[in-house]
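These notes are about the structure you will find just below.
The values are calculated or read from the model by the stated rules, or taken from the named source; none is laboratory data. Bear in mind that the values here come from a model prediction, so they are computed numbers and not experimental data. Every residue, glycine as well, gets a Cβ built from its backbone with ideal geometry; the counts of neighbours run over all protein chains shown. SASA here: full protein model, heavy atoms, side chains in, ligands and nucleic acids out. Shrake-Rupley method; radii C 1.70, N 1.55, O 1.52, S 1.80 Å.
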Amino acid sequence: MTDTPTNAPARPGRFRHLAPAARLTPLFLARHLLRLAVSLAVLVVASFAMIHLIPGDPLRQMLGPTAPKALVDARRAQLGLDDPLPVQFVHYVQHVCGGDLGTSFFSSQPVSGIIAQGLPNTLALAALATLVALAAAIPLGMWAAVRTHQGRRRAETAFTTVTGAAVAVPEYLYGLALLLVFALGAGLLPPAGLTGPASYVLPVTALAIAPTAMIARLARVETLRELGTDYMRLAHAKRLPAWRLYAVHLLPNTLTATLTMGGLLLGGLITGSVLVENVFAWPGLGQRTVEAITQKDYPVAQAMILVYGGLVLVINFLVDVLLGVLDPQSALSAPSRQEG
């Protein structure tokens, strides 16, 4: 038996066995791709059913209550809405697969063009908010864990109280408060629209506050778990410098669950940005989604369901794959063969 080297603390099990690409077996990828395909199929069915389940006649809404019945019937036939439901569904799937998402009832603009204009701004907002949340939450959670481990109960109480309250407040309320204080009150930042880099500050901050609190709480729990391991006790016993102890030995082993949560929050931020975008008149998909719902512009609303739902499903799939790379021994990855 060989002794553990004395010049470095022993690494924990999950990183000692880390062999990323080799653990992602074809069965693992096929299983998750199948789940993604089934989920996307359900999403397409749900978006198609929406126009038939929501009360009201979209054509009457589009043409107005005084439009002659003959005009409504002619428009219905033109759009194929008088065909049997199975025929309509087949046509809908064909159009979606071909990239044809229809035309807005009110602006007569192709829906694919509306999405192409707003989607990059929505993705940029959500991605920046996720990066800001991760950059702020991981050191904050580690700091709280170290203070807790040292017996600093006041710091622990303050951390749990503040983060718990931060999670409870909706993003759009943060947006309204930031707008009133920093834009309309102090005049330090643009209040609305996308006019430059400064325009990102308020909406990104509004979106990032609650995720920062959630990830920080998770990072604290993960850090506390690692602080109690043998390799960290050995590192403490060797009196390593603080930066090496926490940044080199502790940080990498707390990131698996934290980064996974960050990836899942990205999907939530994309869908949750709808109200924040309306607060700041952001030129993304949020404003068009609210307009489509209030005006009963069903082609646009259907497309928004597909886009938002599809993005969340794809992000969840990528998070599963990333978790399989970072932590091959997790329940999500394919079981490894027993080594004799």
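What to note about this one:
- Once the Cβ-Cβ distance of V325 and Q109 is raised to the sixth power relative to R0 = 45 Å, the FRET efficiency obtained is 0.65.
- Here the Karplus curve 6.51 cos²θ - 1.76 cosθ + 1.60, taken at θ = phi - 60°, turns the phi angles of the range 172-186 into couplings of 5, 5, 4, x, 5, 5, 5, 4, 5, 7, 8, 9, 6, x, 7 Hz, with x standing for Gly and Pro.
- Candidate residues E226, E156: accessible-area rank, largest first, probe 1.4 Å: E156, E226
- Using a simple spin-label model with pseudo-atoms 7 Å out from Cα toward Cβ, R152 and V181 lie 2.3 nm apart.
- Full-stretch length increase - A281, L71 - with 0.36 nm per residue and alpha-carbon distance subtracted: 72.0 nm
- Protection proxy ranking, peptides 312-322, 83-93, average beta carbon neighbours within 10 Å, highest first: 312-322, 83-93
- For the range 100-226, radius of gyration divided by Kirkwood radius, i.e. Rg to Rh on alpha-carbons: 1.13
- Under a 5 Å amide H cut-off, with hydrogens placed 1.01 Å from N, T103 pairs with V111 among residues at least 5 apart or on other chains.
- If you plug the beta carbon distance of A30 and L119 into 1/(1 + (r/R0)^6) with R0 = 30 Å, you get a FRET efficiency near 0.55.
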